[in-house]
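A.B. asks: Structure provided below as structure tokens; questions to follow.
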Amino acid sequence: MMLFRNYSVLTCVLFLLSSTFPSVVQSQIPLNNQNTIRFIGDIRTGYIGFIGEQRNGEKLSQHEFRNRARIGLEFQLTENIVFNTRYAARISSLDFHFDPGIHTSASGNNGLLMGEGAFDQFFVLMRISDKLSVKAGRFQTSFTLDGNIKNSVMRQDSPNTDIGWTDGLHISAKPTARWTTDLIIQGHFNNAPTNVFRSPLAPSDSDTPVTLFFNIKKGMNTGLLSSVALSATYSPDALIMYPDGRRSSYFAASIKPQFQKQFDSGRQVLLGTEIAYSFNLPERSLFGFTRSPESAAGGFGFQAVLTVMELFKNQHIGVMAAMLQPSLLTSSAFWNNLLLFEVRHSMRFSRKLTSDFRLRYRADLEILNPELNRRWQLYPFARLTYNF
């Protein structure tokens, strides 16, 4: 209880500092007269709850306050070369401790644990032209739907209060005003990256420890269709297919058509959809299924997000539904074998300070074993985010 009170005091202090002294904590704060060194980062803090039932029948009731802080510097080395470094950490009122490091504590944990810290960015950005740029090092990657609820079935580093990263190269091109393309070449060598690769996907143990991700997006300027994007992930020899350890490559793709309607009142309605499929389907027994264990597990998934922006001044509301079968294994926002519904309200107090209130229901799409219960959770949160 004392730790909970201490954490609450710390959270309040961080929030009051950022709100009361905006001249000290600002977005892209110049640290020299030439504006070539800038202070960057954000602080996110709030309440998170888990209420539900575990597969073994135990009731779940967990309530905590979490804080995530990401603080860094950006150096403008030349007109076309930027160096970025940032340190990130997360703490919880349930176990208030801090164990700083450089990498994640263990490979395969899909991100930093509570109480850990590490460098989540350490990269060089090279702007080769106004249409082509390259990042090399450790960076954040995210390819989400537009709107008030931003999630991805395919790739999204560090959602909510999580901390993860991608190690490798990110090549981004914009050949025309409407087209953008991204290619990520991700390494899984000495220290496994912490974006999500769910079991039985294990690219770090592959003979070719590299993952390729590709995204191409076209923006529209007429009609209700605002954009269409296609994403694909490929990890050679990374997916365990059978209990004896035999492997296959992992290849999954998704398409994201997004729609919007602008009204004279200033309100905007957005409908974002993502339809995904894994083309490599492991045996069901690897996920713990006892019914038809030797059959291939399903690989289909989708999410749909409906958002009303500016429902009231500076306030947005969104609703989401999602379903993922077991073989979709790279989403940090969604379990595999998942059924999910969510409603979220967001409010922008200023350019830097926002609040979010969410209620999410998530459950197993399919029961693993007739002797077990269906795992389900109500997952409320209330949080504040301050961007420097």
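Just so it is clear, none of the values below were taken in a lab; they were calculated from the coordinates. Quick caveat: nothing in here was measured; it's all calculated off a predicted structure. Backbone-built Cβ (ideal geometry, glycine too); neighbour counts: all protein chains shown.
A.B. asks: Gain in length, Ser292 to Ala382, computed as 0.36 nm per residue apart minus the alpha-carbon separation, to one decimal in nm?
C.D. replies: 28.3 nm
A.B. asks: Turning to a different aspect of this structure: Kindly provide the helix-only [θ] at 222 nm of the chain, computed as the sum of -39,500 (n - 2.57) over DSSP H runs of four or more divided by all residues, to the nearest 500 deg cm²/dmol?
C.D. replies: Value at 222 nm, helices only, nearest 500: -1500 deg cm²/dmol.
A.B. asks: Quick one: Debye curve from the C-alpha atoms of the chain, no solvent, what's log10 I(q)/I(0) at q = 0.14 Å⁻¹?
C.D. replies: For the requested q values the scattering log ratios are -1.52.
A.B. asks: Now for a different question. Please find, in a Gaussian network model of the chain (springs between Cα atoms separated by less than 10 Å), the residue of Arg68, Arg138, Arg351 whose mean-square fluctuation is greatest.
C.D. replies: Arg351
A.B. asks: Determine the distance separating the Cα centre of the range 196-250 from the Cα centre of the range 335-383; give it in Å without decimals.
C.D. replies: With the range 196-250 and the range 335-383 each reduced to a Cα centre, they are spaced 24 Å.
A.B. asks: Another question about this same structure. Aspartates and glutamates within cross-link reach of Lys256: Cα-Cα under 17 Å, excluding same-chain residues under 8 positions apart?
C.D. replies: Asp146, Asp182, Glu274
A.B. asks: Using a basic spin-label model with each label point 7 Å from the Cα along Cα→Cβ, how many nm lie between His63 and Asn314?
C.D. replies: That separation, rounded to one decimal, is 2.9 nm.
A.B. asks: Can you give me the distance in nm between label points at Leu372 and Ser129, each placed 7 Å from the Cα along the Cα-to-Cβ direction?
C.D. replies: If labels sit at Leu372 and Ser129, their model points lie 5.3 nm apart.
A.B. asks: How long is the gain from Tyr242 to Asn190 if the chain were fully straight, where each residue apart is worth 0.36 nm and the alpha carbon distance is subtracted?
C.D. replies: Extra length from Tyr242 to Asn190 when fully extended: 16.1 nm.
A.B. asks: Would you mind calculating the gained length between Asp95 and Ile81 on full extension (0.36 nm times residue separation, minus the Cα-Cα distance), in nm to one decimal?
C.D. replies: The Asp95-Ile81 span can extend by a further 0.9 nm.
A.B. asks: Quick one: work out Rg over Rh on the C-alpha atoms of the range 256-388, Rh as Kirkwood radius.
C.D. replies: 1.08
A.B. asks: Take the residue pairs Lys150/Lys261; Lys150/Lys174; Lys174/Lys313 and return only those whose Cα atoms are more than 25 Å apart.
C.D. replies: Cα-Cα > 25 Å for Lys174/Lys313; rest within.
A.B. asks: Using +1 at the Cβ of each Lys and Arg and -1 at the Cβ of each Asp and Glu in the range 2-387, identify which of Val196, Asn148, Ser249 lies farthest towards the dipole's positive end.
C.D. replies: Asn148
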